[in-house]
Amino acid sequence: MQITFDLPHVFFPGSSPDENSDALRILLDCLIQLNRAYLRYHTVPALSRSGVVYGRTQVWDTIPAMYARGYGDCKSLTAALVAQKQEQGIECSPVHRWMPRQDGSGETDYHILVQAGDTFFDPSKAHGMGQNENSYFKR
């Protein structure tokens, strides 16, 4: 089953950064909870041993969909890792950064990382994202 959302008020040129941030956080929380529910009933390899690599997508993949495809982007990789860590009792959460595109389109790019305490981890880079692909995001 594929579920799609029509969100014409967010993630478009001119949309509110605050509203974009809220929508992204809500969607990430939903994806993490779906992954956690899946992990309660299924055993899968840890993301680091899954063979999944970084690749851009337009979809928000759960763990089984991403593992079946063999690749995922920052939102799906982060949601999988956060869910796995939280199911192990490790406190962590997704964090995101926004930046206007450099091409003058008025659109906004985002990148999603994992935060545990004062430590940030980028599962996209750990799974093969090009070193400079999102280098313009400040750490």
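Each value in this text was obtained by applying a stated rule to the coordinates, not by laboratory testing. What you see is a predicted model; the values in this text were computed from it and never measured. Cβ coordinates were reconstructed from backbone atoms using ideal geometry, including for glycine residues, and neighbour counts include every protein chain displayed.
Here are the numbers for the structure shown:
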item	result
Student exercise, segment 17-126 dipole from Lys, Arg, Asp, Glu Cβ charges, in Debye to nearest 20	500 debye
Built amide H within the under 5 Å cut-off of Thr108, gap 5+	Arg101
Exposure proxy order (Cβ contacts within 10 Å, fewest to most) of Ile3, Ile26, Ile112	Ile3, Ile26, Ile112
Sequence-separation-based contact order of the chain, relative, with Cα cut under 8 Å and 6+ spacing, percent	22 percent
Whole-Å semi-axes of the ellipsoid equivalent to the chain (Cα gyration tensor, √5λ, descending)	24, 17, 15
Segment 53-114, relative contact order in percent, only Cα pairs under 8 angstrom and at least six apart counted	27 percent
The chain: angle of helix 74-87 to the longest principal axis, Cα-based, in degrees nearest 10	40 degrees
Pairwise label distance in nanometres, Ala37 with Thr57, each label 7 Å out on the Cα-Cβ vector	1.8 nm
Ranked packing of 99-109, 82-92, most packed first, by mean Cβ within 10 Å	82-92, 99-109
For segment 20-30, 3J(HN,Hα) per residue [Karplus equation, 6.51 cos²θ - 1.76 cosθ + 1.60, θ = phi - 60°, Hz, x = Gly/Pro]	4, 4, 4, 5, 4, 4, 5, 5, 5, 4, 4
